[in-house]
Ligand SMILES: [Zn+2]
Ligand SMILES: [Zn+2]
């Protein structure tokens with residue numbers, strides 16, 4: 001396998017990522033949290049205090065610390081809880097969570113974050129058994145996704161039995177409805193950085209490597225909507241889809257071809273999951289999150305807060321209020337821009353009941369940086385791009401977009417928005433993804 005050829009397809013597959021925004025009715029407060037990171041208790045480099053220092057410098061109001069459960073002792077868990085309590089006050093929350101850590105691999109990593117669970121250990125605490133140690137999920141030698149998907153469902157059931165929230169991490173389009181997770185990461189900074197660093201080791205430029213990382217990340221959001229690119233590939237019928245190219249590439253590198261999810265297309269995109277809810281095939285929607293998954297938590301270049309979630313709180317900041325909003329989808333995922341979205345006054349995660357066939361989509365977006373301009377806003381309706389707005393070609397700082405857009409509604413569905421901004425000094429792109437507002441014709 002020639003990595004260069006492999007990569008050409010990835011470059012060709014550069015995704016245009018979208019963003020969103022909106023205005024907001026009602027008394028709410030916007031706070032930010034990063035919900036995925038590691039301390040020295042597992043494979044992170046920093047302490048809770050280190051994390052708090054970075055989080056405050058990045059404007060976060062809360063962090064959720066999620067060490068790998070299978071690397072924790074009971075004493076370590078208790079010390080994490082104590083350090084989090086000590087680091088928390090009325091203006092900042094450090095909350096203990098944990099990452100249920102199953103099989104590893106390039107694409108099909110079965111990792112689920114547990115938020116708001118007070119006890120990670122199944123059964124007797126002294127036995128210190130994590131969900132992934134009770135219900136195993138070893139690597140799948142065939143490279144076709146989770147070997148025991150039913151065990152991932154058991155992790156989620158355990159998390160729910162403890163009153164917690166289950167988040168599928170860095171999923172690459174491999175989330176299946178049967179897992180029953182509440183949320184999924186539509187963006188994981190560490191995943192993007194890892195994939196980019198593999199590509200750089202193969203000799204690709206920083207820009208190409210970043211595009212590759214974004215492309216693989218975005219399988220989770222779009223499935224193959226935008227990345228099922230046709231790829232020239234030597235020795236095979238040309239062109240072939242990107243996911244097949246990835247299979248042959250991993251076969252060449254590791255001897256085991258890795259499919260994203262399964263050999264059969266398509267992947268389960270976030271939009272597929274949302275439509276499954278609209279169609280009544282599942283009881284709950286899966287809401288999207290962005291997290292840093294920081295491991296370099298003591299370093300000067302710690303990525304804590306580089307990806308984060310904006311949360312609209314209806315009451316004062318507390319662990320309970322934060323978890324309620326995450327579960328309700330009253331959040332947007334972002335690496336920079338902020339947004340607010342409502343449809344006929346209903347917030348993200350809620351349902352607007354449509355009686356007159358029309359929807360007012362209230363949208364506001366801000367780049368949140370004096371050197372960033374909004375370059376693209378996509379409004380997604382039922383998994384398809386309804387409208388694309390190019391708000392600015394100027395370099396006016398912190399560009400803000402606000403508008404009310406009308407649409408006619410003749411079927412149940414949802415609206416969500418995606419925002420792209422660009423730093424005109426560095427050229428770097430930043431993104432935001434709203435959670436959906438559902439529409440229902442009674
Ligand atoms: Zn993970
Ligand atoms: Zn992690």
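Every number in this text was worked out from the coordinates using simple rules, so none of it is lab data. Quick caveat, the model's predicted, so the values are computed rather than measured. Cβ coordinates were reconstructed from backbone atoms using ideal geometry, including for glycine residues, and neighbour counts include every protein chain displayed.
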Counting alpha carbon pairs within less than 8 Å and at least 6 residues apart, what relative contact order, in whole percent, applies to the chain?
20 percent
In nanometres, the difference between 0.36 nm per residue of separation and the alpha-carbon distance of residue 49 and residue 118 is 22.8 nm
log10 of Debye I(q)/I(0), alpha-carbon scatterers only, for the stretch 301-442 at 0.11, 0.15, 0.22 Å⁻¹
-0.43, -0.76, -1.30
What is the antiparallel percent of DSSP beta bridges lying wholly in the chain, to the nearest 5?
75 percent
Given R₀ = 30 Å, what would the calculated FRET efficiency be for residue 264 paired with residue 299, taking r from the Cβ atoms and rounding to 0.05?
0.15
Given the rule -39500 (n - 2.57) for each run of at least 4 DSSP H residues, summed and divided by the residues of the chain, what is its mean residue ellipticity at 222 nm, to the nearest 500 deg cm²/dmol?
-8000 deg cm²/dmol
Cubic angstrom per residue, convex hull over Cα atoms of the stretch 107-159:
72 Å³
On average over all directions, what projected area in square nanometres does the stretch 331-381 have, based on the convex hull of its Cα atoms?
4.2 nm²
Each label sits 7 Å from Cα toward the beta-carbon; between residue 371 and residue 253 the label points are separated, in nm, by 3.1 nm
Report the antiparallel proportion of the DSSP beta bridges in the stretch 27-133 as a percent, rounded to a multiple of 5.
30 percent
May I ask you to order 423-429, 258-264, 164-170, 58-64 by the average number of other C-beta atoms within 10 Å around their residues, highest value first?
164-170, 58-64, 258-264, 423-429
Between residue 91 and residue 358, what is the label-to-label distance in nm when each label sits 7 Å out along the Cα-to-Cβ direction?
4.5 nm
Label-point gap, in nm, between residue 202 and residue 28 - each point 7 angstrom along Cα→Cβ
4.1 nm
Give me D for the stretch 150-211 in µm² s⁻¹, whole number, from Stokes-Einstein with Rh from the Kirkwood sum over alpha-carbon pairs, 20 °C and 1.002 mPa s.
160 µm²/s
Length gained, residue 386-residue 127, 0.36 nm per residue minus C-alpha separation, equals 88.0 nm
Quick check for you: which residues of the stretch 161-192 have the amide N under 12 Å from the point 7 Å beyond the Cα of residue 134 toward its beta carbon?
161-162
Enumerate the whole-percent occupancy of each 10 Å bin, from 0 to the last occupied one, for all C-alpha pair distances of the stretch 396-442.
19, 39, 25, 14, 3
Can you give the percent of C-alpha pairs in the chain whose distance is more than 34 Å?
29 percent
P(r) tail fraction, the stretch 25-176 - alpha-carbon pairs more than 20 Å apart, %
50 percent
